[in-house]
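S.K.: Before I ask anything, here is the structure I am working with.
The values are calculated or read from the model by the stated rules, or taken from the named source; none is laboratory data. These figures come from a predicted structure and were not determined experimentally. Because the Cβ atoms are built from the backbone with ideal geometry, glycine has one as well, and the counts that use them run over all protein chains shown. Areas reflect the complete protein model, heavy atoms only, side chains present, ligands, DNA and RNA absent. Shrake-Rupley method; radii C 1.70, N 1.55, O 1.52, S 1.80 Å.
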Amino acid sequence: MDTLKAIFSRKSVRSYNGEISEGELKTILKAAYAAPIGRALYENVHMTVISNKELLSQIDKSCAELFQNPQMHPLYNAPLFVLVSAKLNGNADNVGYSNCAIVVQNMALAAVELGIGACHIWGAVRAILQNKELLAKLNLPEGFTPCCGIILGKTNETYTERQIPEGRIKTDFIR
Ligand SMILES: Cc1cc2nc3c(=O)[nH]c(=O)nc-3n(C[C@H](O)[C@H](O)[C@H](O)COP(=O)(O)O)c2cc1C
(Lines give C-alpha, C1' and ligand atoms only; values in the text may rest on other atoms or scores of the structure.)
Protein backbone atom coordinates (compact mmCIF):
# COMPACT_ATOMS: atom_id res chain seq x y z
CA MET A 1 0.00 0.00 0.00
CA ASP A 2 1.27 3.45 -0.93
CA THR A 3 -0.91 5.36 1.51
CA LEU A 4 2.02 7.16 3.16
CA LYS A 5 3.41 8.17 -0.24
CA ALA A 6 0.06 9.76 -1.10
CA ILE A 7 -0.11 11.52 2.26
CA PHE A 8 3.45 12.86 1.93
CA SER A 9 2.86 13.99 -1.68
CA ARG A 10 -0.47 15.75 -1.17
CA LYS A 11 -0.40 19.50 -1.56
CA SER A 12 -2.88 22.26 -2.25
CA VAL A 13 -3.20 22.87 -5.99
CA ARG A 14 -4.41 26.29 -7.06
CA SER A 15 -4.08 26.21 -10.85
CA TYR A 16 -6.45 24.30 -13.09
CA ASN A 17 -6.75 23.68 -16.80
CA GLY A 18 -9.60 21.27 -17.40
CA GLU A 19 -12.35 19.01 -16.18
CA ILE A 20 -11.84 15.58 -14.67
CA SER A 21 -13.53 12.61 -16.32
CA GLU A 22 -16.76 10.99 -15.10
CA GLY A 23 -14.73 7.91 -14.14
CA GLU A 24 -12.33 10.01 -12.07
CA LEU A 25 -15.24 11.76 -10.36
CA LYS A 26 -16.78 8.40 -9.55
CA THR A 27 -13.55 7.26 -7.89
CA ILE A 28 -13.26 10.54 -5.96
CA LEU A 29 -16.84 10.14 -4.70
CA LYS A 30 -16.19 6.52 -3.76
CA ALA A 31 -13.26 7.76 -1.65
CA ALA A 32 -15.62 10.23 0.03
CA TYR A 33 -18.14 7.47 0.76
CA ALA A 34 -15.36 5.36 2.29
CA ALA A 35 -14.74 8.00 4.98
CA PRO A 36 -15.36 7.18 8.61
CA ILE A 37 -18.52 8.91 9.87
CA GLY A 38 -19.45 9.31 13.53
CA ARG A 39 -21.78 6.49 14.64
CA ALA A 40 -22.09 5.58 10.93
CA LEU A 41 -24.82 8.22 10.60
CA TYR A 42 -24.21 8.76 6.87
CA GLU A 43 -27.58 10.46 6.60
CA ASN A 44 -26.15 13.39 8.60
CA VAL A 45 -23.73 14.29 5.80
CA HIS A 46 -24.66 15.70 2.40
CA MET A 47 -22.52 16.33 -0.66
CA THR A 48 -23.20 18.80 -3.47
CA VAL A 49 -21.09 18.36 -6.61
CA ILE A 50 -21.07 21.70 -8.41
CA SER A 51 -19.84 21.96 -12.00
CA ASN A 52 -22.39 24.56 -13.19
CA LYS A 53 -20.16 27.39 -14.43
CA GLU A 54 -22.59 30.14 -13.51
CA LEU A 55 -23.00 28.90 -9.95
CA LEU A 56 -19.23 28.41 -9.57
CA SER A 57 -18.72 31.97 -10.74
CA GLN A 58 -21.32 33.28 -8.27
CA ILE A 59 -19.66 31.46 -5.38
CA ASP A 60 -16.25 32.75 -6.51
CA LYS A 61 -17.54 36.34 -6.70
CA SER A 62 -19.36 36.15 -3.39
CA CYS A 63 -16.19 34.95 -1.67
CA ALA A 64 -14.05 37.63 -3.34
CA GLU A 65 -16.54 40.21 -2.02
CA LEU A 66 -16.33 38.71 1.47
CA PHE A 67 -12.54 39.10 1.35
CA GLN A 68 -12.98 42.62 -0.11
CA ASN A 69 -10.76 41.75 -3.06
CA PRO A 70 -12.62 41.72 -6.38
CA GLN A 71 -9.42 40.64 -8.19
CA MET A 72 -9.15 37.33 -6.37
CA HIS A 73 -10.61 34.01 -7.49
CA PRO A 74 -11.06 31.95 -4.32
CA LEU A 75 -12.12 28.92 -6.39
CA TYR A 76 -9.04 29.34 -8.64
CA ASN A 77 -11.14 28.73 -11.79
CA ALA A 78 -11.42 25.05 -10.86
CA PRO A 79 -14.11 23.25 -12.87
CA LEU A 80 -15.56 21.41 -9.89
CA PHE A 81 -16.39 22.28 -6.29
CA VAL A 82 -17.68 19.61 -3.94
CA LEU A 83 -19.44 21.17 -0.97
CA VAL A 84 -19.88 18.99 2.11
CA SER A 85 -22.68 19.84 4.53
CA ALA A 86 -23.70 18.44 7.88
CA LYS A 87 -26.83 18.09 9.90
CA LEU A 88 -25.41 19.78 12.97
CA ASN A 89 -26.50 18.68 16.36
CA GLY A 90 -26.00 21.35 19.03
CA ASN A 91 -23.62 19.93 21.62
CA ALA A 92 -22.21 17.34 19.23
CA ASP A 93 -21.38 19.76 16.40
CA ASN A 94 -17.73 18.74 16.58
CA VAL A 95 -18.73 15.37 15.10
CA GLY A 96 -20.65 17.00 12.24
CA TYR A 97 -17.79 19.30 11.27
CA SER A 98 -15.25 16.50 11.65
CA ASN A 99 -17.27 14.15 9.44
CA CYS A 100 -17.21 16.72 6.63
CA ALA A 101 -13.50 17.45 6.99
CA ILE A 102 -12.65 13.74 6.85
CA VAL A 103 -14.80 13.27 3.74
CA VAL A 104 -12.90 16.13 2.09
CA GLN A 105 -9.50 14.74 3.09
CA ASN A 106 -10.39 11.34 1.62
CA MET A 107 -11.21 13.06 -1.68
CA ALA A 108 -7.94 15.03 -1.52
CA LEU A 109 -5.92 11.82 -1.10
CA ALA A 110 -7.82 10.09 -3.90
CA ALA A 111 -6.97 13.11 -6.09
CA VAL A 112 -3.26 12.53 -5.41
CA GLU A 113 -3.57 8.90 -6.51
CA LEU A 114 -5.34 9.98 -9.72
CA GLY A 115 -2.98 12.90 -10.42
CA ILE A 116 -5.87 15.37 -10.18
CA GLY A 117 -5.45 18.82 -8.65
CA ALA A 118 -7.33 19.50 -5.41
CA CYS A 119 -7.50 22.10 -2.67
CA HIS A 120 -9.51 22.23 0.53
CA ILE A 121 -11.81 25.27 0.41
CA TRP A 122 -13.27 26.79 3.54
CA GLY A 123 -13.28 30.51 2.59
CA ALA A 124 -15.96 30.09 -0.06
CA VAL A 125 -18.07 28.12 2.41
CA ARG A 126 -18.11 31.14 4.70
CA ALA A 127 -19.27 33.24 1.76
CA ILE A 128 -22.07 30.75 0.99
CA LEU A 129 -23.19 30.80 4.63
CA GLN A 130 -23.50 34.59 4.52
CA ASN A 131 -25.31 34.76 1.18
CA LYS A 132 -28.91 33.55 1.56
CA GLU A 133 -29.60 33.74 -2.20
CA LEU A 134 -26.58 31.57 -2.99
CA LEU A 135 -27.43 29.15 -0.19
CA ALA A 136 -30.94 28.71 -1.62
CA LYS A 137 -29.50 27.78 -5.04
CA LEU A 138 -27.75 24.78 -3.47
CA ASN A 139 -31.06 23.10 -2.62
CA LEU A 140 -29.66 21.59 0.54
CA PRO A 141 -32.00 19.29 2.43
CA GLU A 142 -33.72 20.84 5.45
CA GLY A 143 -31.44 21.26 8.46
CA PHE A 144 -28.07 20.95 6.68
CA THR A 145 -25.27 23.49 7.06
CA PRO A 146 -22.39 23.81 4.57
CA CYS A 147 -19.19 23.01 6.51
CA CYS A 148 -16.37 22.64 4.03
CA GLY A 149 -15.46 21.74 0.50
CA ILE A 150 -12.84 20.83 -2.07
CA ILE A 151 -12.08 22.05 -5.57
CA LEU A 152 -10.92 19.50 -8.12
CA GLY A 153 -9.66 19.65 -11.68
CA LYS A 154 -6.96 18.82 -14.18
CA THR A 155 -3.70 20.58 -13.53
CA ASN A 156 -0.17 20.88 -14.90
CA GLU A 157 1.15 20.45 -11.39
CA THR A 158 2.49 17.08 -10.30
CA TYR A 159 2.65 15.33 -6.95
CA THR A 160 6.03 14.29 -5.57
CA GLU A 161 6.92 13.34 -2.02
CA ARG A 162 7.57 16.42 0.07
CA GLN A 163 9.81 16.93 3.07
CA ILE A 164 7.50 17.17 6.06
CA PRO A 165 9.18 19.18 8.85
CA GLU A 166 9.30 17.18 12.06
CA GLY A 167 7.43 18.80 14.92
CA ARG A 168 5.69 21.26 12.59
CA ILE A 169 2.64 20.88 14.75
CA LYS A 170 3.52 21.38 18.41
CA THR A 171 3.14 17.99 20.01
CA ASP A 172 3.22 17.14 23.70
CA PHE A 173 3.89 13.63 24.89
CA ILE A 174 2.45 12.54 28.20
CA ARG A 175 4.04 9.26 29.16
C1 LIG B 1 -9.60 23.53 7.00
C2 LIG B 1 -8.86 24.04 5.80
C3 LIG B 1 -9.34 25.12 5.10
C4 LIG B 1 -8.69 25.58 3.97
N5 LIG B 1 -9.25 26.59 3.22
C6 LIG B 1 -8.62 27.02 2.13
C7 LIG B 1 -9.21 28.02 1.29
O8 LIG B 1 -10.33 28.47 1.51
N9 LIG B 1 -8.50 28.44 0.23
C10 LIG B 1 -7.26 27.95 -0.08
O11 LIG B 1 -6.66 28.38 -1.06
N12 LIG B 1 -6.68 26.98 0.68
C13 LIG B 1 -7.33 26.51 1.76
N14 LIG B 1 -6.78 25.51 2.51
C15 LIG B 1 -5.45 24.97 2.16
C16 LIG B 1 -4.37 25.43 3.17
O17 LIG B 1 -4.06 26.77 2.93
C18 LIG B 1 -3.14 24.50 2.97
O19 LIG B 1 -3.52 23.19 3.32
C20 LIG B 1 -1.95 24.94 3.79
O21 LIG B 1 -1.46 26.17 3.34
C22 LIG B 1 -0.81 23.91 3.72
O23 LIG B 1 -0.42 23.70 2.37
P24 LIG B 1 -0.53 22.28 1.68
O25 LIG B 1 -1.98 21.88 1.61
O26 LIG B 1 0.04 22.48 0.29
O27 LIG B 1 0.25 21.29 2.50
C28 LIG B 1 -7.46 25.00 3.59
C29 LIG B 1 -6.99 23.89 4.29
C30 LIG B 1 -7.69 23.41 5.36
C31 LIG B 1 -7.17 22.16 6.05
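S.K.: Excluding same-chain pairs closer than 8 in sequence, count the lysine pairs in the chain whose Cα atoms lie under 22 Å apart.
M.R.: Eligible lysine pairs with Cα atoms under 22 Å apart amount to 19.
S.K.: Still on this structure, I have one more. With a 1.4 Å probe and every protein chain kept in, tell me what percent of the accessible surface of the chain is carbon plus sulfur.
M.R.: The nonpolar share, carbon plus sulfur, comes to 51 percent.
S.K.: Which sequence of 62, 57 reflects their accessible areas, 1.4 Å probe, from the largest down?
M.R.: Heavy-atom accessible area, descending, gives 57, 62.
S.K.: Place a label point 7 angstrom from the Cα of residue 77 along the Cα-to-Cβ direction, then list the residues of the range 1-24 whose backbone nitrogen is under 16 Å away.
M.R.: The answer is 13-20.
S.K.: Right, another one. Okay, helix-only estimate at 222 nm for the chain: each DSSP H run of n ≥ 4 adds -39500 (n - 2.57), divide by all residues, round to 500 deg cm²/dmol; what do you get?
M.R.: -12000 deg cm²/dmol
S.K.: Under the 0.36 nm per residue contour assumption, what length would be gained going from the current alpha-carbon distance of residue 7 and residue 19 to full extension?
M.R.: Stretched fully, the residue 7-residue 19 segment lengthens by 2.0 nm.
S.K.: If we restrict to alpha carbons, what Rg and Dmax does the range 13-153 come to, in Å?
M.R.: 14.4, 43
S.K.: Right, something else. Solvent-accessible area per residue for the range 1-45 at a 1.4 Å probe radius, Å²?
M.R.: I get 70 Å² per residue for this part.
S.K.: Taking Cα pairs under 8 Å and at least six residues apart, what relative contact order does the chain come out at, in percent?
M.R.: Worked out over the chain, it gives 36 percent.
S.K.: Report the longest stretch of the chain that contains none of the GluC sites (Glu not before Pro) sitting in a DSSP loop with at most 16 other Cβ atoms within 10 Å.
M.R.: 20-141
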